[in-house]
Structure formats: structure tokens, C-alpha cells
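What follows is a short report on a single structure.
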Amino acid sequence: METIYHICQKVIWDEAIAKKSYQPESLIKEGFIHCSKFEQVLRVANDFYHSQKDLVLLVIEPAKIKSEIRWEPGNDKPDELFPHIYGPINIEAVREILKLNWDPDDQFHLL
């Protein structure tokens, strides 16, 4: 199964590390955590996180996730599938943290 990615604020990820579980607001409100394939990440960041600072990209190993993962159409892209995690992300499933940088040209870039 391919690696999946999730964007979040660094401070929220830091709190999750202390709790040993990541449970963002979307999990409570929508019942799942929004994720992306690598080629979807920058588009999602630029569409939904415009000009936000201190964001990180969680690099997630699906085989280590304890919660169910479903590939489903996005609300704004019904013909494109996105990975959704139906439960918390256990910390050990995140293999790397990348910084998302908002720069003067009004776009996100991976660092």
C-alpha cells in the first residue's frame, strides 16, 4: 500500500506526540481524517490551507495504522480518490515529518 500524507499545524502534532495519538477536529466533526497521495499534497495545501504558517506534512505508513483507511472521492473532486482514516492516527505510523513552507509567491512548497 502506498504512503499517504496528512497536513496539520505543528503545534497540534506536538500535542499528539505527547498524547501518543493524533485526533484532529475533522475526526470528531466528520468521522475521519483527510489524507492525500503525494501528488495531491501541494494542491490540497494551496486550496485549503492558503497562507497558513507552521504547517507540517505527516508521512504515514498505512500498514502501521490501527484505524481503517478508505479510499473515497473528495467533496470537490468526485472523480478523484483520497485516503481517509476512520479513527485516530497512532504515532508510530508516522515515519517522517516534513515542513510545508508558504512563500512570497503565494504557494506552498515542501522543504
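Read-outs: derived from the displayed coordinates by stated rules, not from any lab. Predicted, not measured: the structure shown is a model, and the values here were computed from it. Backbone-built Cβ (ideal geometry, glycine too); neighbour counts: all protein chains shown.
Residue pairs exceeding 19 angstrom between C-alpha atoms, taken from K10/K77; K53/K77; K20/K66; K10/K64: K10/K77; K53/K77; K10/K64. Put +1 on the Cβ of each Lys and Arg and -1 on the Cβ of each Asp and Glu in the chain; which of F82, V56, H109 then has its Cα farthest toward the positive end of the dipole? Of F82, V56, H109, it is V56. Within the set (i) 64, 35, 20; (ii) 65, 26, 21; (iii) 39, 36, 26, the number that Cα extents along the principal axes in Å takes when calculated for this structure is listed as (iii).
Could you grab the relative contact order for region 4-104? Cα pairs under 8 Å, six or more apart, rounded to a whole percent. It rounds to 37 percent for region 4-104.
In this Cβ point-charge picture (+1 for Lys and Arg, -1 for Asp and Glu), region 4-104 has a dipole of about 300 debye about its Cα centre. Specify whether the C-alpha gyration tensor of region 66-111 places it in the rounded, prolate or oblate class, a ≥ b ≥ c being the square roots of the eigenvalues: rounded for a/c under 1.5, otherwise prolate if a/b is larger than b/c and oblate if not. It comes out oblate by the Cα gyration axes.
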